[in-house]
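Derivation of every value follows stated rules applied to the coordinates shown; laboratory data play no part. Because the structure is predicted, anything quoted here is derived from the model rather than measured. We place every Cβ from the backbone using ideal geometry, glycine too, and count neighbours over all the protein chains shown.
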Amino acid sequence: MEAMLNRTLNISTSPHITKGSSTDVIMQNVVWALIPVALFAVYSFGMSAFLVIATSVISAVLTEHFLCRISKQESTIGDWSAVITGLLLGLTLPPNFPLWMAFVGGMIAIGLGKFIFGGLGYNVFNPALVGRAVLQAAFPVAITTWFPAFGEGRFTSVSVSTFTAPFMEPAVDGFTGATPLSAFKFDNVTADSMELALGQITGSTGETCALLIILGGIYLAARKMMDWKIPVAILATVFALSGILYLVDSQAYPSPVFMLFSGGLMLGAVFMATDMVASPMTTLGVVVYGAIIGLLTVVIRIWGGLPEGVMYAILLANAISPHIDKMIRPRVYGTTKKKASA
Amino acid sequence: MATGILNFRKKSFKHGVHPPEHKSETNGLPIRQFPFAPVIILPMAQHIGAPAEIVVHEGQEVSRGQMLAKAGGYVSVPIHAPVSGVVRKIANVPTISGKMSPGIYLEAFPYSTQVVEEGMPIDLETATPDEILKGIQDAGIVGLGGAAFPTHVKLKVPEGKHCDVLMINGIECEPYLTTDHRVMLEQGEDILTGIKYLMKCTGAERTIIGIEANKKDAAEHLASLIPEGDPVSVEVVPVKYPQGSEKMLITAILGREVPSGGLPIDVHVVVVNVATTAEIGRLLPHGRGIQERVVTITGPGVKKKGNYLIPIGTPLRFVLDEVGVDEKVSEVYMGGPMMGVAVSNLDISIVKGTSGIVVFTEKEVKRPEKVYPCIKCGACVEACPLSLNPSQLGILAKFEEYDTMAEEFNLLDCFECGSCSYVCPSHIPLVQYFRLSKSIVRKRRAAKQNGGNA
């Protein structure tokens, strides 16, 4: 009683208990899920890939910290979202990408992709993809110059283009090779599906091993930190559409399995399209959103001028996402019809 | 042995959450009589509606069960003496809302036998529906589940409407609380008597007692008491918060949806809490008024947890002193942890609407939690039992778009169950935003109406 009397009681508003989930913990787990993908990138492409990924992560985190400071806000790097942006950006770049360009990409991803919209939670697009889109426009050659996987001495030496001086175009690398998608696009040669799934191919650092990406996705979905319906909707749409095309003409169109496992589709579907901020909130909305990404990916890959279309497909769907949420609203309990959208 | 109908269902309402139950700590403890406090403090405003009007004077000796204050109108109920003693003072007393209320300080006679006198019984066979309603009001009965709304008002079926189902709410979905559970186990006969009174005054064709699957023993016990052929059944539904809300309960059991802005009677249902029903069954045959109620006192900060029959008006300080409280106590709630109110003053009393006292220590109260921006994860959308969009509403509240919230996003339907705040990973105080927004919208609308009339 005495102890009771001597204490000041706290007051707070209900509910007084929470489920215990936390945004920073969700973000950390996304990072954990991406680590195996990044490790495989380093294993298959060596030192150069490590430097590209590290540079874009450092750039993203520094940019976020710096922008918060100059706008006189508390630094938000503690929420881990900048680390994800940097990691994702690094994983979409060629392993021999010049580091100064990767650094610029990280700055753009955070600055233009997130900060000017108001920071975490307000970004319209997936910030990493904004960074990559700008890099693709600015450095079209560097971003499509590939480096073969499992090269000799990849752990002891780096690509000649890695340390290109800032604002200089990289020297043409002697080891460039075509990705499976560009080989198909320009030479009509498709790669072996097994090699694609296990990452025995060339491509961007983190896009080559579909298996590890899927495992990371399953981990996040099992912990309810990612909406599994998004990648499923995307992959199902791509598979169905390319399957129809393949049935129509198996010479002109690639097999649906090739479509699923090549390029950045798997990484994009599992880790980028699922950006919670830039994707819809309702089940039906998420399915529509995934189907749009799948459709656009197939259209760009097959009829567009570029070998890969996942990035633009996701960015376009990000832009549509708020409208999907506005149009597809669940019926509120006790109302007969949906309210007219605002 | 079981003669009544007992059904187990798989279906429930949409969405909702599953907070840890913590009920096993008290659900096996029988109801025990709590000692009388030396001074009982009775606020006159302890129900929704007009406060009761005091009919005694300072210095007057009163006997237990005597009416101390009469109903202050139709939406109001009288207040009875929970103890024989003397009216020491009539003055304003503190209440949980922070507002003062007119009240009575009643000093108990320490050596009184505390026998309750018989009143005018309401005979089940001969009383008319209106006489039963009057009897319920005279007994001072309000919703004991926590709402404290005068029960006779709720039971009055409006002209042109009819009630086909009387729903007895034995869900008790708040974590920690086991009041209704114990009442169902120990006051089954009173509940069945109460149901007879309620069916007569509402004209309901049948009665359903809704119970969650974590109280199977109570469901089986009640079903065993129901005589064969009675239009009363027990329905067991899966555990899910906030199933104890009238709307969710009706949807879970009958599949009917109460229209937005409407009442259960719009879908021909009247819902009454099970402890309220038991109290009607216990008091009306003797014409007595409420003097005490069952309260679960629990939580990690309580030493002698249990379900206690506590006289109305017992000061909280006395209650906590009797049960013993951990010295690291941080917060005390009246009600459960999902919708209960944190107590700021230990001089408030146990009132008719107090279903539980939960005490948390510093260990359970983690604050301040960092608030992150909304990341549109949709967890709240998946939790809201009304399919509202708490994320969108939260953003609109931040930009003070209160009218848009009400007009386009059904803000006023929100009954503040707290499921959205419970799941939010960014720790956004959504329910608090909505509480504030609702009161602002109501004020604006009232001002508009007054302006129009002037």
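Taking other Cβ atoms within 10 Å as a rough exposure proxy, A:Met281, A:Met168, B:Met248 sort from fewest to most as A:Met168, A:Met281, B:Met248. Per-residue 3J(HN,Hα) values for the stretch A:146-158, derived from phi via the Karplus relation 6.51 cos²θ - 1.76 cosθ + 1.60 with θ = phi - 60°, read 9, 10, x, 6, 6, x, 4, x, 5, 8, 9, 10, 10 Hz in sequence order (x marks Gly and Pro).
By the Cβ distance rule of under 4.7 Å, the protein assembly as shown has these cysteines without a partner: A:Cys68, A:Cys209, B:Cys163, B:Cys173, B:Cys201, B:Cys374, B:Cys377, B:Cys384, B:Cys414, B:Cys417, B:Cys424. Going by the alpha-carbon gyration tensor, a ≥ b ≥ c the square roots of its eigenvalues, is the stretch B:118-172 rounded (a/c under 1.5) or, if a/c is not under 1.5, prolate (a/b greater than b/c) versus oblate? Verdict is oblate for the stretch B:118-172. Residue by residue along A:119-127, Cβ atoms of other protein chains within 10 Å of the local Cβ number 2 on average. Residue exposure proxy: B:Tyr111, A:Tyr219, ordered by other Cβ atoms within 10 angstrom of their Cβ from fewest to most, comes out as B:Tyr111, A:Tyr219.
For chain A, excluding the exposed loop sites themselves (GluC sites (Glu not before Pro), DSSP loop, at most 10 other Cβ atoms within 10 Å), the longest remaining stretch covers A:153-342.
Rounded, prolate or oblate: which fits the stretch B:278-399 when a ≥ b ≥ c are the square roots of the eigenvalues of the alpha-carbon gyration tensor, with rounded for a/c under 1.5 and prolate only if a/b beats b/c? Since a/c reaches 1.5 but b/c is at least a/b, the shape of the stretch B:278-399 is classed as oblate. Taken as Cα centroids, the stretch B:380-441 and the stretch B:1-48 sit 27 Å apart, rounded to the nearest whole angstrom. Computed FRET efficiency, Cβ-Cβ of A:Thr335 and B:Ala91, R0 60 Å: what is it to the nearest 0.05? The pair A:Thr335/B:Ala91 has a calculated efficiency of 0.80. Given a Förster radius of 51 Å and the C-beta distance between B:Asn450 and B:Ser63 as r, what FRET efficiency does 1/(1 + (r/R0)^6) yield to the nearest 0.05? After rounding to 0.05, the efficiency reads 0.65.
Only Cα sites of the stretch A:23-327 enter the Debye sum here, all with the same form factor; the resulting log10 I(q)/I(0) across q = 0.12 1/Å is -0.73, listed in q order.
Extending 7 Å from Cα along the Cβ direction at A:Asn10 and again at B:Val75 yields two label points whose distance is 3.6 nm.
Among B:Lys154, B:Lys215, a tally of other beta-carbon atoms within 10 Å of each Cβ gives an order, fewest to most, of B:Lys154, B:Lys215.
How large is log10 I(q)/I(0) at q = 0.06, 0.08 Å⁻¹ when the Debye formula is applied to the Cα atoms of the protein assembly as shown, each weighted equally and without solvent? For the protein assembly as shown, the Cα-only Debye profile gives -0.50, -0.77.
If exposed means no more than 10 neighbouring beta carbons inside 10 Å and the site is in a DSSP loop, what's the longest run of chain A without any exposed trypsin sites (Lys or Arg not before Pro)? The reported range is A:73-336. Only helices enter the 222 nm calculation for the protein assembly as shown: every DSSP H run of n ≥ 4 contributes -39,500 (n - 2.57), and dividing by all residues gives -12000 deg cm²/dmol, rounded to 500. For the stretch A:10-95, the list of chymotrypsin sites (Phe, Trp or Tyr not before Pro) that fall in a loop by DSSP and count at most 14 other C-beta atoms within 10 angstrom is empty.
Taking the square roots of five times each eigenvalue of the Cα gyration tensor of chain B, the equivalent ellipsoid has semi-axes of 33, 28, 24 Å, listed largest first. With an a/c value of 1.5 or above and a/b not larger than b/c for the gyration tensor axes a ≥ b ≥ c computed over the alpha-carbon atoms, the stretch B:342-450 is described as oblate. Potential lengthening of the chain between B:Lys11 and B:Ala213 amounts to 71.5 nm, from the contour at 0.36 nm per residue minus the alpha-carbon distance. For chymotrypsin sites (Phe, Trp or Tyr not before Pro), the sites in the stretch B:367-454 that DSSP calls loop and that have at most 11 other Cβ atoms within 10 Å are B:Phe399.
Two tests apply to each whole DSSP H helix in chain A, Cα reach of 27 Å or more along its axis and mean Kyte-Doolittle hydropathy of at least -0.5, and the ones passing both are A:23-45, A:47-70, A:229-248, A:283-303.
Counting only DSSP beta bridges with both residues in the protein assembly as shown, what percent are antiparallel, rounded to the nearest 5? Beta bridges within the protein assembly as shown, antiparallel portion: roughly 60 percent. Membrane-span-like helices in chain B (whole DSSP H runs, Cα extent of at least 18 Å along the helix axis, mean Kyte-Doolittle hydropathy of at least -1.0): B:188-202, B:430-453.
Using only alpha carbon pairs under 8 Å that are at least six residues apart, calculate the relative contact order of the stretch B:194-243 and give it in whole percent. Value for the stretch B:194-243: 42 percent. For the stretch B:360-403, the residues whose backbone nitrogen is under 15 Å from a point 7 Å from the Cα of B:Glu327, taken along Cα to Cβ, are B:362. For the stretch B:362-429, the set of GluC sites (Glu not before Pro) satisfying both a DSSP loop assignment and a count of at most 11 other C-beta atoms within 10 Å is given as B:Glu369, B:Glu400. Based on Cα contacts under 8 Å between residues 6+ apart, the stretch B:169-254 shows a relative contact order of 38 percent.
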